[in-house]
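Structure first, then comments.
The values are calculated or read from the model by the stated rules, or taken from the named source; none is laboratory data. These numbers were taken from a predicted model, which means no experiment stands behind them. Cβ: placed from backbone, ideal geometry, glycine included. Neighbour counts: every protein chain shown.
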Amino acid sequence: MKKYAILIFVLTTLVLVQNNYASGQTDSSAVTESSVMSAEESGSDEHELPSPFMVIPFVLLLTGIATGPLFYSHFWEHNYPKIAIALGFVTTIYYLLVLRDTLSLMHTLAEYLSFIALLSSLFIASGGILIKIDKASTPLLNTGILLFGAVIANIIGTTGASMLLIRPFIKINQNRIKAYHIIFFIFIVSNIGGALTPIGDPPLFLGYLRGVDFFWFVDNIWYIWLPTVIALLLIFYFIDNSDKSGEDTTEYTEKFEFKGLRNIGFLLIILISVFLDPGVMSWVPSLAPLPFGIREIIMFSVCYFAYKTSDDDILRANEFEFEPIKEVAYLFVGIFATMIPALQLISHEANVLGDKIHAGEFFWATGLLSGVLDNAPTYLNFLSAALGKYGMNVNSIADVNEFQTLHPLYLQAISVGAVFFGAMTYIGNGPNFMVKSISERAGIKMPSFFAYVIKYSLPILIPVFTLVWLIFYNTEG
């Protein structure tokens, strides 16, 4: 409870600070819209850029995430909440006292609350759903589950698909589960699968809110999505088929069991609430200057009611516990805060150099930075730079509509880069770390941050993404 009190104190302090400074900032409605606007775009012109040295807290936090569980696990497990909050607090104090930029902090707070509301509600709602497939684990069955996850990720989001399928995927493979099963699950279900709709992945939803047509993504990305997913499924099938360890002598009934229909209703409520934003529907009331809106209130309410009404037997069968979402909440409050300077510096450079960057460079720049920063704000930064290359404004729906028509290659490169490369690290996309945490709680030994990149991302993803670049973006168009 003491850890919760610290987190709540920090968030409450930021809200009170914003209320005190609100009269000196820009239109307060910007706070409500912060879930779809990056702080760099809407308020940074009024403030100087942060010192490059302020990237150090972000680097220290990433270093802790990468090395803590490996070299000083006991210390890290007991102190990661304090470390994440302390490093985030350093950045917060710098923005308050040195830059006097409260708007960037409030945008980040609103984005964090939106992020954790979505992940928490999907995590708890899916925890009350039991999917049990009493079949022997086979490479073909596993590949089919990953393909199914990739498809439904476009309907219920990568987070929803990940939370719904990770537990049954682990149970099916309980007699032969290896780290590579979870890594490919993260690659395909938690990231690349959701590239076809704005619901699929947060970066695309931000593009939709800015004016990209809902069906633009499936029309312009499906022929990149399909071969990429197939390539990764084939690689997975080959690896899984080659793994002959662990003979399974269990007798199976071949039955499929589904329980928790009520929680499907909660999932639908969450998905509908995603669109309850004043930027999408003008009739939705704004709660400015509060750093959250109707959407977040609904999602946090679902957290409470979904847990209270879930069947205890289902929760026990899923081995449901709150530790995975607690870990994500603490680490990402630090990540969101400490990455503000990095995002603002990147945004500045991207806009300065935007007229010199071609589609291929946008693909790699958006992608590689999406792997180590949250891919949603990274997407917006490079979308802003791409529009600026042609004298357009990312805050104008008309300009974004014109851009998607006249320069679809750039929008496609940025969208594909942000979604695909989110799979490069545990922190590239929200569900990645949660899948890792759930898997570790199930007793699966997961690779460290660096091992994930070196053993899986670099040898598997980078060659596939290089082929995507060579075929689609190796041009100066």
Based on what the data block shows, is Gly279 at pLDDT below 90, on the phi > 0 side of the Ramachandran plot and in contact with a helix residue (DSSP H, G or I) (Cβ under 6 Å, 6 or more places away or on another chain)?
no
Among Leu97, Leu130, Leu113, Leu119, which is the only one that is under 30 Å from Ile269 (Cβ atoms) and over 20 Å from the mean Cα position of the chain (by Cα)?
Leu130
Only one residue in Ile314, Ile357 is surrounded by fewer than 22 Cβ atoms within 10 Å (Cβ to Cβ), touching a Gly at 6+ places or on another chain (Cβ under 6 Å) and hydrophobic (A, V, I, L, M, F, W, C). Which one?
Ile314
Filter the helices (runs of 4 or more DSSP H) completely within segment 338-424 down to those with at least 2 residues that are at negative phi, among the polar types (S, T, N, Q) and more than 24 Å from the chain's Cα centre (by Cα).
397-406
Restricting segment 425-450 to residues that are in contact (Cβ under 8 Å) with a residue 24 or more places away in the chain, over 12 Å from the mean Cα position of the chain (by Cα) and assigned to a helix (DSSP H, G or I), the residue that is nearest to Phe123 (Cα to Cα)
Ile438
Being within 18 Å of the chain's Cα centre (by Cα), at pLDDT 90 or above and at negative phi narrows it down to one residue among Phe185, Phe169, Phe205, Phe215; which is it?
Phe185
Only residues that are among the aromatic types (Phe, Trp, Tyr) and more than 18 Å from Ser370 (Cα to Cα): list them for segment 194-229, please.
Tyr208, Phe214, Phe215, Trp216, Phe217, Trp222, Tyr223
Within the bounds of segment 318-329, is there any residue that is closer than 28 Å to Gly211 by Cβ and either modelled with pLDDT of 90 or more or in contact with a helix residue (DSSP H, G or I) (Cβ under 9 Å, 6 or more places away or on another chain) (or both)?
no
Failed criterion for Ile199 (all others in (1) outside any helix (DSSP H, G or I); (2) within 20 Å of the chain's Cα centre (by Cα); (3) more than 30 Å from Pro139 (Cα to Cα) hold):
(3)
From (1) at pLDDT 95 or above; (2) surrounded by 24 or more Cβ atoms within 10 Å (Cβ to Cβ); (3) within 25 Å of Phe215 (Cβ to Cβ), pick out the condition that doesn't hold for Leu147.
(2)
Would you be able to tell me the number of residues in segment 167-201 that are within 15 Å of Arg441 (Cα to Cα) and crowded, with 24+ Cβ neighbours inside 10 Å?
2
Please note which helices (runs of 4 or more DSSP H) are completely contained in segment 19-135 and include at least 1 residues that are modelled with pLDDT of 90 or more and hydrophobic (A, V, I, L, M, F, W, C).
56-71, 73-93, 102-127
If only one of Gly417, Gly391, Gly428 is at pLDDT below 95 and under 19 Å from Arg210 (Cβ atoms), which one is it?
Gly391
In segment 327-381, anything more than 26 Å from Tyr95 (Cα to Cα) and in contact (Cβ under 8 Å) with a residue 12 or more places away in the chain is listed as Gly354, Asp355, Ile357, His358, Ala359, Gly360, Phe362, Phe363, Trp364, Ala365, Gly367, Leu368
Within segment 138-161, tally of residues that are closer than 18 Å to Ile438 by Cβ and among the hydroxyl-bearing types (Ser, Thr, Tyr):
2
Matching residues, segment 145-181, being in a loop (DSSP other than H, G, I, E, B) and free of Cβ contacts under 8 Å to residues at least 40 places away in the same chain:
Asn173, Gln174
Kindly indicate the residue of segment 234-266 that is at pLDDT 85 or above and of a type in the set (Lys, Arg) and also farthest from Ile129 (Cα to Cα) among those meeting that condition.
Arg262
Answer yes or no as to whether Ile239 is among the hydrophobic types (A, V, I, L, M, F, W, C), assigned to a helix (DSSP H, G or I) and over 23 Å from Gly200 (Cβ atoms).
yes
